[in-house]
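S.K.: Please read through the structure below; I'll follow up with questions.
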Amino acid sequence: MSRRAQLLGDRIEQGAAALAAFAEGLSDAEWKTACSPSDKRTVGVIVHHVGNMYPVEVELAQVLAQGKAIEGVTWAVVADINGKHAQEKASVNKAEALEFLRTRSKAAADAVRKFTDEELDRCATVSLYGDPPLTAQFFIEDHALRHSWHHLAKIKAALKK
């Protein structure tokens, strides 16, 4: 097993655990708070969203690990996925969202741990960023790993905690 892949998987789980631990202590009112004026998704929807995106993020990293380009993925596509998810999960309850986050983060971490160093180092163009050649490791770090930390910071800011 790749030591780097193991550490990446560990960090994915650490981020999800930090997000879950914080979210567990929120009141019902805080759970239903919009994260920002520009992002009207509630805290609960955002927590569920992080879990929802893990499979996509890992699958795209696996594409890069094969040396294949990520094509057709744009921020508009991401916004569409996020918008549909927000509508479908507008009333998601805390227990459901936290279990979903935990299950999906573990599956993502386990999948990332299977990468070899050679796969982590492979690169191809990524449409999401205007087609620069990026490594699979960068993509993992910028998406599956960072995602929970990013939203945890946004949630804390929205709740002023």
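The values are calculated or read from the model by the stated rules, or taken from the named source; none is laboratory data. These numbers were taken from a predicted model, which means no experiment stands behind them. Here the Cβ positions follow ideal geometry from the backbone for every residue, glycine too, while neighbour counts run over all protein chains shown.
S.K.: Of all residues in region 135-161, how many are in a loop (DSSP other than H, G, I, E, B) and in contact with an Asp or Glu (Cβ under 6 Å, 6 or more places away or on another chain)? Reasoning before the result, please.
M.R.: Here is the first cut: in region 135-161, the ones in a loop (DSSP other than H, G, I, E, B) are 160-161.
Adding the requirement that they be in contact with an Asp or Glu (Cβ under 6 Å, 6 or more places away or on another chain) leaves none.
Residues flagged as in a loop (DSSP other than H, G, I, E, B) and in contact with an Asp or Glu (Cβ under 6 Å, 6 or more places away or on another chain) within region 135-161 amount to 0.
S.K.: Still on this structure: Based on what the data block shows, is ALA17 among the aliphatic types (A, V, I, L, M) and either surrounded by fewer than 18 Cβ atoms within 10 Å (Cβ to Cβ) or touching a Leu at 6+ places or on another chain (Cβ under 8 Å) (or both)? Explain how you work it out, then say what you get.
M.R.: Values: among the aliphatic types (A, V, I, L, M): yes; either surrounded by fewer than 18 Cβ atoms within 10 Å (Cβ to Cβ) or touching a Leu at 6+ places or on another chain (Cβ under 8 Å) (or both): yes.
It is true that ALA17 is among the aliphatic types (A, V, I, L, M) and either surrounded by fewer than 18 Cβ atoms within 10 Å (Cβ to Cβ) or touching a Leu at 6+ places or on another chain (Cβ under 8 Å) (or both).
S.K.: Further question: Hey, among THR125, THR103, which residue is under 15 Å from ILE12 (Cβ atoms), hydroxyl-bearing (Ser, Thr, Tyr), at pLDDT 95 or above and not in a loop (DSSP other than H, G, I, E, B)? Reasoning before the result, please.
M.R.: Numbers: THR125 fails: under 15 Å from ILE12 (Cβ atoms).
The match here is THR103.
S.K.: Yes or no: region 51-66 includes at least one residue that is touching a helix residue (DSSP H, G or I) at 6+ places or on another chain (Cβ under 7 Å), in contact (Cβ under 8 Å) with a residue 24 or more places away in the chain, farther than 14 Å from SER148 by Cβ and not in a helix (DSSP H, G or I).
M.R.: no
S.K.: Another one. I'd like the full set of residues that are under 18 Å from the mean Cα position of the chain (by Cα) and of a type in the set (Ser, Thr, Tyr), limited to region 72-94.
M.R.: If the condition is that a residue be under 18 Å from the mean Cα position of the chain (by Cα) and of a type in the set (Ser, Thr, Tyr), then THR74 is the only one that fits.
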